[in-house]
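Single-structure report; data block below.
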Amino acid sequence: MNRTATSESATPKRAEPKALPDHVAIIMDGNGRWATQRGLPRIAGHKRGINSVRKITRHAKASGVKYLTLFAFSTENWLRPKEEVHGLFDLFRYYMRRECRTLAREGVRIKFIGDPSEMPEDIQSMMTEAEAMTASGEAMTLIVALNYGSRAEIVAATQRLATRVAAGEMAAGEITDTAISAELNTSGFPDPDLIIRTSGEQRLSNFLLWQAAYSEFLFVDCHWPEFDELAFDDAITLYRDRDRRFGGLRKSG
Ligand code: FPP
(Lines give C-alpha, C1' and ligand atoms only; values in the text may rest on other atoms or scores of the structure.)
Protein backbone atom coordinates (compact mmCIF):
# COMPACT_ATOMS: atom_id res chain seq x y z
CA MET A 1 0.00 0.00 0.00
CA ASN A 2 1.23 3.42 -0.80
CA ARG A 3 0.97 5.04 2.62
CA THR A 4 1.88 8.48 1.44
CA ALA A 5 -0.83 8.56 -1.20
CA THR A 6 -3.43 7.24 1.28
CA SER A 7 -2.59 9.75 3.99
CA GLU A 8 -2.52 12.62 1.46
CA SER A 9 -5.95 11.78 0.08
CA ALA A 10 -7.36 11.50 3.62
CA THR A 11 -6.15 14.98 4.55
CA PRO A 12 -8.91 17.57 4.12
CA LYS A 13 -7.89 20.23 1.59
CA ARG A 14 -7.10 23.56 3.20
CA ALA A 15 -7.41 26.83 1.29
CA GLU A 16 -3.98 28.25 0.41
CA PRO A 17 -3.39 31.39 2.42
CA LYS A 18 -3.25 34.35 0.05
CA ALA A 19 0.12 35.93 -0.43
CA LEU A 20 1.60 38.61 1.78
CA PRO A 21 2.13 41.94 0.07
CA ASP A 22 5.76 42.26 -1.07
CA HIS A 23 5.50 46.02 -1.12
CA VAL A 24 3.44 48.15 1.28
CA ALA A 25 3.36 51.93 0.80
CA ILE A 26 1.97 54.25 3.46
CA ILE A 27 0.67 57.83 3.38
CA MET A 28 1.31 58.75 7.01
CA ASP A 29 -1.50 61.24 7.56
CA GLY A 30 -3.03 62.83 10.64
CA ASN A 31 -0.03 63.86 12.76
CA GLY A 32 -1.30 67.44 12.96
CA ARG A 33 -4.85 66.43 13.90
CA TRP A 34 -3.60 63.97 16.49
CA ALA A 35 -1.67 66.80 18.19
CA THR A 36 -4.39 69.44 17.85
CA GLN A 37 -6.98 67.11 19.39
CA ARG A 38 -4.73 66.92 22.45
CA GLY A 39 -4.05 70.66 22.66
CA LEU A 40 -0.45 70.11 21.53
CA PRO A 41 1.53 71.91 18.81
CA ARG A 42 1.43 70.15 15.41
CA ILE A 43 5.12 69.28 15.64
CA ALA A 44 4.33 67.08 18.68
CA GLY A 45 2.21 64.99 16.32
CA HIS A 46 5.09 64.62 13.87
CA LYS A 47 7.35 63.63 16.77
CA ARG A 48 4.92 60.87 17.75
CA GLY A 49 4.76 59.99 14.06
CA ILE A 50 8.45 59.09 14.21
CA ASN A 51 7.65 56.45 16.87
CA SER A 52 5.16 54.90 14.46
CA VAL A 53 7.78 54.96 11.69
CA ARG A 54 10.18 53.01 13.91
CA LYS A 55 7.56 50.52 15.09
CA ILE A 56 6.02 49.88 11.68
CA THR A 57 9.39 49.54 9.93
CA ARG A 58 10.44 46.84 12.39
CA HIS A 59 7.09 45.11 12.30
CA ALA A 60 6.80 45.16 8.50
CA LYS A 61 10.22 43.52 8.29
CA ALA A 62 9.31 40.90 10.90
CA SER A 63 6.08 40.18 8.98
CA GLY A 64 8.03 39.37 5.82
CA VAL A 65 7.26 42.51 3.80
CA LYS A 66 10.14 43.12 1.38
CA TYR A 67 9.57 46.80 0.51
CA LEU A 68 8.07 49.49 2.72
CA THR A 69 7.59 52.95 1.25
CA LEU A 70 6.80 55.88 3.55
CA PHE A 71 5.60 59.27 2.28
CA ALA A 72 7.61 61.56 4.57
CA PHE A 73 7.55 64.93 2.74
CA SER A 74 5.75 65.85 -0.45
CA THR A 75 6.63 68.51 -3.01
CA GLU A 76 3.47 70.29 -1.79
CA ASN A 77 4.53 70.22 1.89
CA TRP A 78 6.74 73.30 1.25
CA LEU A 79 3.46 75.27 1.41
CA ARG A 80 3.31 74.68 5.18
CA PRO A 81 4.51 77.34 7.64
CA LYS A 82 8.33 77.61 7.69
CA GLU A 83 8.54 76.51 11.33
CA GLU A 84 6.66 73.29 10.59
CA VAL A 85 8.87 72.52 7.56
CA HIS A 86 12.01 73.18 9.64
CA GLY A 87 10.58 71.13 12.50
CA LEU A 88 9.99 68.21 10.14
CA PHE A 89 13.55 68.46 8.83
CA ASP A 90 14.89 68.49 12.41
CA LEU A 91 12.90 65.36 13.19
CA PHE A 92 14.22 63.74 10.05
CA ARG A 93 17.81 64.56 11.14
CA TYR A 94 17.07 63.09 14.60
CA TYR A 95 15.61 59.94 13.03
CA MET A 96 18.56 59.43 10.68
CA ARG A 97 21.15 59.92 13.45
CA ARG A 98 19.34 57.52 15.76
CA GLU A 99 18.20 54.84 13.35
CA CYS A 100 20.66 54.39 10.49
CA ARG A 101 23.14 52.19 12.26
CA THR A 102 20.37 50.05 13.77
CA LEU A 103 18.68 49.64 10.40
CA ALA A 104 21.99 48.63 8.84
CA ARG A 105 22.50 46.05 11.59
CA GLU A 106 18.99 44.69 11.05
CA GLY A 107 19.51 44.26 7.31
CA VAL A 108 17.22 47.11 6.25
CA ARG A 109 18.37 48.90 3.11
CA ILE A 110 17.34 52.57 2.93
CA LYS A 111 16.51 54.20 -0.39
CA PHE A 112 15.11 57.64 -1.12
CA ILE A 113 12.75 58.75 -3.85
CA GLY A 114 12.00 62.37 -4.69
CA ASP A 115 14.13 65.37 -5.58
CA PRO A 116 16.94 65.74 -3.02
CA SER A 117 18.37 68.89 -4.65
CA GLU A 118 15.94 71.19 -2.82
CA MET A 119 16.64 69.68 0.59
CA PRO A 120 19.12 71.32 3.02
CA GLU A 121 22.67 70.23 2.18
CA ASP A 122 23.32 68.41 5.46
CA ILE A 123 20.19 66.33 4.87
CA GLN A 124 21.34 65.51 1.33
CA SER A 125 24.62 64.24 2.83
CA MET A 126 22.73 62.20 5.43
CA MET A 127 20.63 60.64 2.66
CA THR A 128 23.72 59.66 0.67
CA GLU A 129 25.43 58.26 3.78
CA ALA A 130 22.32 56.31 4.83
CA GLU A 131 22.01 54.70 1.42
CA ALA A 132 25.71 53.76 1.45
CA MET A 133 25.69 52.52 5.06
CA THR A 134 22.67 50.25 4.50
CA ALA A 135 23.36 49.21 0.89
CA SER A 136 23.97 45.54 1.70
CA GLY A 137 20.69 45.11 3.64
CA GLU A 138 18.69 42.18 2.31
CA ALA A 139 15.88 41.75 4.84
CA MET A 140 13.76 44.68 3.67
CA THR A 141 14.07 47.88 1.64
CA LEU A 142 12.75 51.01 3.34
CA ILE A 143 11.94 53.58 0.66
CA VAL A 144 11.53 57.08 2.06
CA ALA A 145 9.71 59.52 -0.20
CA LEU A 146 11.24 62.90 0.56
CA ASN A 147 10.39 65.99 -1.48
CA TYR A 148 8.51 63.54 -3.66
CA GLY A 149 5.72 64.32 -6.10
CA SER A 150 4.49 61.78 -8.58
CA ARG A 151 3.58 64.22 -11.37
CA ALA A 152 7.03 65.85 -11.21
CA GLU A 153 8.59 62.38 -11.36
CA ILE A 154 6.52 61.47 -14.45
CA VAL A 155 7.27 64.82 -16.14
CA ALA A 156 11.03 64.38 -15.58
CA ALA A 157 10.91 60.80 -16.91
CA THR A 158 8.95 61.91 -19.99
CA GLN A 159 11.43 64.72 -20.68
CA ARG A 160 14.38 62.32 -20.48
CA LEU A 161 12.71 59.89 -22.90
CA ALA A 162 11.73 62.71 -25.29
CA THR A 163 15.32 63.99 -25.26
CA ARG A 164 16.56 60.53 -26.26
CA VAL A 165 14.02 60.29 -29.05
CA ALA A 166 14.97 63.77 -30.31
CA ALA A 167 18.66 62.77 -30.29
CA GLY A 168 17.84 59.67 -32.36
CA GLU A 169 18.90 57.33 -29.53
CA MET A 170 15.51 55.63 -29.38
CA ALA A 171 12.36 55.41 -31.47
CA ALA A 172 9.08 56.90 -30.21
CA GLY A 173 7.60 53.39 -30.40
CA GLU A 174 10.15 52.23 -27.83
CA ILE A 175 8.45 54.37 -25.18
CA THR A 176 6.67 51.49 -23.51
CA ASP A 177 5.22 50.85 -20.08
CA THR A 178 8.56 49.24 -19.10
CA ALA A 179 10.62 52.11 -20.52
CA ILE A 180 8.62 54.65 -18.50
CA SER A 181 8.82 52.58 -15.29
CA ALA A 182 12.60 52.35 -15.75
CA GLU A 183 12.86 56.17 -15.78
CA LEU A 184 10.94 56.71 -12.56
CA ASN A 185 12.57 57.15 -9.13
CA THR A 186 11.17 53.74 -8.24
CA SER A 187 13.04 51.93 -11.02
CA GLY A 188 14.12 48.52 -9.75
CA PHE A 189 11.43 48.33 -7.05
CA PRO A 190 8.20 46.39 -7.56
CA ASP A 191 4.96 48.40 -7.71
CA PRO A 192 3.19 48.63 -4.34
CA ASP A 193 0.75 45.79 -3.69
CA LEU A 194 -0.96 47.69 -0.90
CA ILE A 195 -1.25 51.43 -0.26
CA ILE A 196 -2.45 52.45 3.19
CA ARG A 197 -3.52 55.98 4.11
CA THR A 198 -4.20 56.79 7.73
CA SER A 199 -6.52 59.43 9.13
CA GLY A 200 -9.61 58.80 7.03
CA GLU A 201 -8.75 60.85 3.94
CA GLN A 202 -9.38 58.92 0.73
CA ARG A 203 -6.99 60.32 -1.85
CA LEU A 204 -3.51 59.67 -3.24
CA SER A 205 -2.18 63.25 -2.96
CA ASN A 206 0.34 62.90 -5.79
CA PHE A 207 1.86 59.68 -4.37
CA LEU A 208 3.02 56.88 -6.71
CA LEU A 209 0.33 57.64 -9.34
CA TRP A 210 1.92 55.49 -12.06
CA GLN A 211 3.03 52.73 -9.71
CA ALA A 212 -0.44 52.43 -8.09
CA ALA A 213 -2.13 51.15 -11.27
CA TYR A 214 -3.00 47.79 -9.67
CA SER A 215 -2.43 48.50 -5.99
CA GLU A 216 -5.02 47.68 -3.40
CA PHE A 217 -6.04 50.69 -1.28
CA LEU A 218 -6.84 50.77 2.37
CA PHE A 219 -8.02 53.90 4.14
CA VAL A 220 -7.90 53.60 7.89
CA ASP A 221 -9.49 56.01 10.33
CA CYS A 222 -6.78 56.27 12.96
CA HIS A 223 -4.16 59.01 12.84
CA TRP A 224 -0.59 58.01 11.98
CA PRO A 225 0.74 58.36 15.60
CA GLU A 226 -1.88 55.76 16.62
CA PHE A 227 -1.12 53.34 13.80
CA ASP A 228 0.53 50.39 15.55
CA GLU A 229 1.50 46.78 14.91
CA LEU A 230 -2.09 45.57 15.38
CA ALA A 231 -3.41 48.10 12.87
CA PHE A 232 -0.71 46.96 10.43
CA ASP A 233 -1.70 43.31 10.94
CA ASP A 234 -5.36 44.19 10.36
CA ALA A 235 -4.40 45.92 7.12
CA ILE A 236 -2.49 42.85 5.96
CA THR A 237 -5.42 40.57 6.83
CA LEU A 238 -7.81 42.77 4.82
CA TYR A 239 -5.33 42.81 1.91
CA ARG A 240 -5.09 39.01 1.92
CA ASP A 241 -8.84 38.80 1.60
CA ARG A 242 -8.91 40.93 -1.54
CA ASP A 243 -9.28 39.30 -4.93
CA ARG A 244 -6.58 40.80 -7.14
CA ARG A 245 -7.36 40.19 -10.79
CA PHE A 246 -5.08 42.67 -12.59
CA GLY A 247 -7.78 43.14 -15.21
CA GLY A 248 -8.27 39.38 -15.68
CA LEU A 249 -11.00 37.09 -14.41
CA ARG A 250 -11.65 35.86 -10.89
CA LYS A 251 -9.45 32.78 -10.19
CA SER A 252 -12.14 30.99 -8.19
CA GLY A 253 -14.59 31.06 -11.11
C1 FPP B 1 1.03 64.09 7.58
O2 FPP B 1 0.36 64.56 8.73
C3 FPP B 1 2.42 63.83 7.86
C4 FPP B 1 3.48 64.48 7.29
C5 FPP B 1 3.34 65.55 6.29
C6 FPP B 1 4.86 64.17 7.63
C7 FPP B 1 5.14 62.76 8.01
C8 FPP B 1 6.48 62.74 8.59
C9 FPP B 1 6.88 62.03 9.66
C10 FPP B 1 6.06 61.03 10.36
C11 FPP B 1 8.25 62.19 10.20
C12 FPP B 1 9.39 61.99 9.25
C13 FPP B 1 9.44 60.69 8.58
C14 FPP B 1 10.50 59.83 8.51
C15 FPP B 1 10.46 58.67 7.59
C16 FPP B 1 11.70 59.99 9.33
P17 FPP B 1 -0.33 65.97 8.66
O18 FPP B 1 0.54 66.97 9.33
O19 FPP B 1 -0.68 66.32 7.26
O20 FPP B 1 -1.62 65.72 9.50
P21 FPP B 1 -2.97 66.57 9.41
O22 FPP B 1 -3.60 66.22 8.09
O23 FPP B 1 -3.74 66.06 10.57
O24 FPP B 1 -2.62 68.02 9.51
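The values are calculated or read from the model by the stated rules, or taken from the named source; none is laboratory data. Keep in mind the model is a prediction, meaning the values are calculated, not measured. Cβ placement follows ideal geometry from the backbone for every residue including glycine, while neighbour counts extend to all protein chains displayed. When the accessible area is computed, the model is the full protein with side chains, heavy atoms only, and any ligands, DNA or RNA have been set aside. Shrake-Rupley method; radii C 1.70, N 1.55, O 1.52, S 1.80 Å.
According to the Kirkwood relation over distinct C-alpha pairs, the hydrodynamic radius of region 190-237 is 11.4 Å. Spatially, region 181-253 and region 131-167 are offset by 19 Å when compared through their Cα centroids. Would you kindly give the portion of the calculated P(r) for the chain that falls above 26 Å, as a percent of all Cα pairs? I get 47 percent for the Cα pairs in the chain exceeding 26 Å. Summed over the residues of the chain and divided among them, the accessible surface reaches 56 Å² per residue at a probe radius of 1.4 Å.
The mean sequence separation of alpha-carbon pairs under 8 Å and at least six residues apart, normalised by the residue count of region 24-154, gives a relative contact order of 31 percent. Using a simple spin-label model with pseudo-atoms 7 Å out from Cα toward Cβ, Leu249 and Glu169 lie 4.5 nm apart. Solvent-free Debye calculation, one equal scatterer per alpha-carbon of region 78-176: log10 I(q)/I(0) at 0.18, 0.20, 0.24 Å⁻¹ equals -0.91, -0.99, -1.18.
Taking 0.36 nm per residue of separation and subtracting the current Cα-Cα distance, fully stretching the chain between Tyr94 and Ala132 would add 11.9 nm.
Split the accessible area of the chain by element, probe 1.4 Å, and carbon with sulfur accounts for 52%. Using all pairs of distinct alpha-carbon atoms, the Kirkwood hydrodynamic radius of region 48-102 works out to 12.7 angstrom. Ranked by the mean number of other Cβ atoms within 10 Å of their residues, highest first, the peptides 21-34, 130-143, 89-102 fall in the order 21-34, 130-143, 89-102. Each Cα pair of region 18-164 feeds into the Kirkwood radius, which the Stokes-Einstein equation turns, at 10 °C and 1.306 mPa s, into a diffusion coefficient of 97 µm²/s. Using a cutoff of 8 angstrom between alpha carbon atoms and counting only pairs six or more residues apart, the relative contact order for region 88-192 works out to 28 percent.
For the chain, the 222 nm mean residue ellipticity estimated from helices alone, with every DSSP H stretch of n ≥ 4 adding -39500 (n - 2.57) and the total spread over all residues, rounds to -14000 deg cm²/dmol. Stretched out straight at 0.36 nm per residue, the stretch from Leu238 to Ala139 would grow longer than its current Cα-Cα span by 33.3 nm. Please work out whether region 135-193 counts as rounded, prolate or oblate from its C-alpha gyration tensor, where a ≥ b ≥ c are the square roots of the eigenvalues and a/c under 1.5 means rounded, while otherwise a/b larger than b/c means prolate and anything else oblate? The shape class here is prolate.
For region 125-253, what ratio Rg/Rh do Cα atoms give with a Kirkwood hydrodynamic radius? With Rg and the Kirkwood Rh in hand, the quotient comes to 1.02.
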